[in-house]
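Single-structure report; data block below.
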Amino acid sequence: MADSRAPVLANSTAYNVEAVRRDFPILSETVYGKPLVFLDSGASAQKPRQVIEAMRDCMEHQYSNVHRGAHYMSAATTDAFETARERVQKFLNAGSPDEIVFTANVTAAINLVANSFGRAFLREGDEVIVSEMEHHANIVPWQMLAEATGVKLVVAPVEDDGSFRLERFAELLTDRTRFVAITHCSNVLGTRVPAKELVQLAHDAGAKVLLDGAQAAVHGPVDVRDLDADFYGFTAHKLYGPTGLGVLYGKLDLLNAMPPWQGGGEMIEKVSFKGTTYKEAPHRFEAGTPAIVEAIGLGAAIGYVEELGRDAIAAHEQGLLNYANERLRSIDGVRLIGTAADKAAIVSFLVDGIHPYDVAAVLDRQGVACRVGHHCAEPLMDRLGVIGTVRASFGLYNTLAEVDALAEGIEKAKRMLG
Amino acid sequence: MAREDYQEFAETLEALDDEDMRFEYILDLAKAQDREEFPEEWKTEDNLMHGCMSRVWIVHDREGGRHYFRGASEAAIVKGLVRMMTKTFSGLTDEEIRQFNVDDVRRLNLGALTFQRQVGMMAMLKHMQKLAGQPAATEA
């Protein structure tokens, strides 16, 4: 989609979104005879040909199982797989590749921490803090832990405008607080949590912190050492990489103190019926054959994002967010849900008198792909008193013209359904 | 009679070659559905059809060997689809409900309207067959 207004974007005149779009084959597809306007990257992002080619190249030219096999292909694939881990390490500025555990997704990363760290180190009466704006993936594993161990779940509030206030979080810290599991960026509201200050507060209270970076890792630079996060999770498929692969960062001493969660091949040092000893991190948490091709795909995705520049991407997306806010606010009857000052390019909204599902259906007919519903955050919907929202989530390939298509689709929905 | 309702829906949808008009037709069905009684007290958890992006309630009765359905939804487009399905299925016998299959839903060509709707209709078909105590249609 041509975008003649790109130069008005602050700090992003060098960012050539049209060239970026040519890297994504799917963006030239049409739906219902109309150009695809993909505003659902928050659910899963599209893939550039650099990722597709890296994965195909692996399967065509250099593939085998990893960490075993006394042959060339196995050694070469292991090298590529471990190189991908190093790319993730640098992407997060982790201290060592051993702090990078490959999981299936962020959900699996959080479940790993809840089941391993949680069951080993948390006791009945200990308090785990989550927030009202968590994805179900960062609620349910802790509820399951609470049921199994008697750990108490404490919920940090979100303001009416979707902002997150540290002072209200701080009030919840007690001498029983042992763990904080909180999103770095809300998948519904786009709200960024002031993570560095939050981690500091939690550490001062003696608690460990897990940040759910499923959205945050996509929309801006993440430095786990600067944040001083104990655990950080993100997923490849939202970062323009493949599905089936997530990442858990954990501080090395913590990971090595934690018992394995799943048993099997790859994670053991020695197995006998008298007992089994486990490898050090990260391998003790990677039972079974890992997602080899996907890890190589993630490595390529990180390479792609870094080449564009994470700050440049963030600036481009901020321009999209500002323009979307402006366009949507100018439409009578549109209510933005989540207007915190520090937001990633995720816009939830409602249209007065029209069910969000109907709005999304009309948008869909215009080729505009949005998500609708509770976005796996039902407690947040309850807190905000809404049945669900329509969500437009932007990625590095979206344009101002696509924001216009969204606004025009909403106008059309109002004409048809209002 | 219920077959006739189905025929009318199918023929009208087929005759409307403009997608916006097809959309408008479904919204008209939704408005017709709004005029039918569906008291708030029927909107219970038991009557809720789970797994929909908007809430759908379907109430089932059996009288003289025939099945009768009434339905409601919060979303207008879904409400139009609820009308199609409840009208189509009301007055049918066990056997007739069993015979209605996924191809009948496909014939409405809702996928051309929006793909989500066709998926939703399939789910509604199976849900109503289950309510009627009949085996749910399976995908070919």
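Observations, loosely collected:
- Selection count, the range A:274-331, where residues are open to solvent by 30 Å² or more (accessible area, probe 1.4 Å), in contact with a strand residue (DSSP E or B) (Cβ under 9 Å, 6 or more places away or on another chain) and among the acidic types (Asp, Glu): 2
- Meets criteria (open to solvent by less than 10 Å² (accessible area, probe 1.4 Å), within 26 Å of A:ARG123 (Cα to Cα), in contact with a strand residue (DSSP E or B) (Cβ under 8 Å, 6 or more places away or on another chain) and part of a loop (DSSP other than H, G, I, E, B)) for A:ALA229: yes
- Taken over the range B:39-59, residues that are open to solvent by less than 30 Å² (accessible area, probe 1.4 Å) and in contact (Cβ under 8 Å) with a residue 24 or more places away in the chain amount to 4.
- Only one of the numbered conditions (1) more than 30 Å from A:ALA19 (Cβ to Cβ); (2) free of Cβ contacts under 8 Å to residues at least 60 places away in the same chain; (3) of a type outside the set (Lys, Arg); (4) open to solvent by less than 40 Å² (accessible area, probe 1.4 Å) is violated by A:GLN89, and that is (1).
- Test: residue in the range A:56-67 that is under 18 Å from the mean Cα position of the chain (by Cα) and either surrounded by 14 or more Cβ atoms within 10 Å (Cβ to Cβ) or in a loop (DSSP other than H, G, I, E, B) (or both): no
- The requirement of being over 26 Å from the mean Cα position of the chain (by Cα) and open to solvent by 20 Å² or more (accessible area, probe 1.4 Å) is fulfilled somewhere in the range A:365-381, by at least one residue.
- Residues of the range A:97-139 classified as more than 25 Å from A:GLY288 (Cα to Cα) and assigned to a helix (DSSP H, G or I), total: 2
- All of (1) more than 24 Å from A:ALA345 (Cα to Cα); (2) at pLDDT below 95 hold for A:ALA80 with one exception: (2).
- Residue in the range B:5-14 that is within 16 Å of the chain's Cα centre (by Cα), crowded, with 18+ Cβ neighbours inside 10 Å, among the aromatic types (Phe, Trp, Tyr) and within 14 Å of another protein chain (Cβ to nearest Cβ) present: no
- Residues (buried (at least 21 other Cβ atoms within 10 Å of the Cβ) and over 16 Å from A:VAL113 (Cβ atoms)) located in the range A:193-226: A:VAL193, A:ALA195, A:LEU198, A:GLN215, A:ALA216, A:ALA217, A:VAL218, A:HIS219, A:VAL222
- Residue list for the range B:36-65, filter: touching a Ser or Thr at 6+ places or on another chain (Cβ under 6 Å) and in a strand (DSSP E or B): B:VAL56
- For the range A:384-393, the criterion of being within 13 Å of chain B (Cβ to nearest Cβ) and open to solvent by 30 Å² or more (accessible area, probe 1.4 Å) is met by at least one residue.
- Qualifying residue in the range A:310-321 (condition: under 19 Å from the mean Cα position of the chain (by Cα) and polar (S, T, N, Q)): yes
- Sub-8 Å Cβ pairs linking a first residue in the range A:396-418 that is away from chain B (no Cβ under 14 Å) to a second residue that is assigned to a helix (DSSP H, G or I) and of a type in the set (Gly, Ala, Ser), at least 6 apart or interchain, are A:THR399/A:ALA6; A:LEU400/A:ALA6; A:LEU400/A:GLY319; A:VAL403/A:ALA324; A:LEU406/A:ALA324, ordered by first then second residue.
- Annotation: of all residues in the range B:23-46 being over 16 Å from the mean Cα position of the chain (by Cα) and within 14 Å of another protein chain (Cβ to nearest Cβ), the one that is farthest from B:MET121 (Cα to Cα) is B:LYS43.
The rows are residues; the columns are (1) at pLDDT 80 or above; (2) closer than 19 Å to B:GLU14 by Cβ; (3) open to solvent by less than 60 Å² (accessible area, probe 1.4 Å).
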{"residue": "B:ALA76", "(1), (2), (3)": "yes, no, yes"}
{"residue": "B:LEU81", "(1), (2), (3)": "yes, yes, yes"}
{"residue": "B:THR93", "(1), (2), (3)": "yes, no, yes"}
{"residue": "B:ARG98", "(1), (2), (3)": "yes, no, no"}
{"residue": "B:ASP103", "(1), (2), (3)": "yes, yes, no"}
{"residue": "B:LEU108", "(1), (2), (3)": "no, yes, yes"}
{"residue": "B:LEU113", "(1), (2), (3)": "no, yes, yes"}
{"residue": "B:MET128", "(1), (2), (3)": "yes, no, yes"}
{"residue": "B:GLN134", "(1), (2), (3)": "yes, no, yes"}
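- Residues in the range A:360-380 that are basic (Lys, Arg) and within 8 Å of another protein chain (Cβ to nearest Cβ): A:ARG365 only.
- Just one residue in the set A:GLY388, A:GLY367 is in contact with a Lys or Arg (Cβ under 6 Å, 6 or more places away or on another chain), more than 30 Å from A:VAL88 (Cα to Cα) and not assigned by the TED database to the domain that holds A:VAL154; that residue is A:GLY367.
- Residue selected from the range B:47-86 under the condition touching a helix residue (DSSP H, G or I) at 6+ places or on another chain (Cβ under 6 Å) and among the hydroxyl-bearing types (Ser, Thr, Tyr), by the criterion nearest to the other protein chains (Cβ to nearest Cβ): B:SER54
- The range A:343-358, residues that are over 16 Å from A:ASP160 (Cβ atoms) and more than 9 Å from chain B (Cβ to nearest Cβ): A:ALA344, A:ALA345, A:ILE346, A:VAL347, A:VAL351, A:ASP352, A:GLY353
The values are calculated or read from the model by the stated rules, or taken from the named source; none is laboratory data. Quick caveat, the model's predicted, so the values are computed rather than measured. No Cβ is skipped: glycine too gets one built from the backbone with ideal geometry, and neighbour counts run over all protein chains shown. Ligands, DNA and RNA are excluded from the accessible area calculation, which covers all protein heavy atoms including side chains. Shrake-Rupley method; radii C 1.70, N 1.55, O 1.52, S 1.80 Å.
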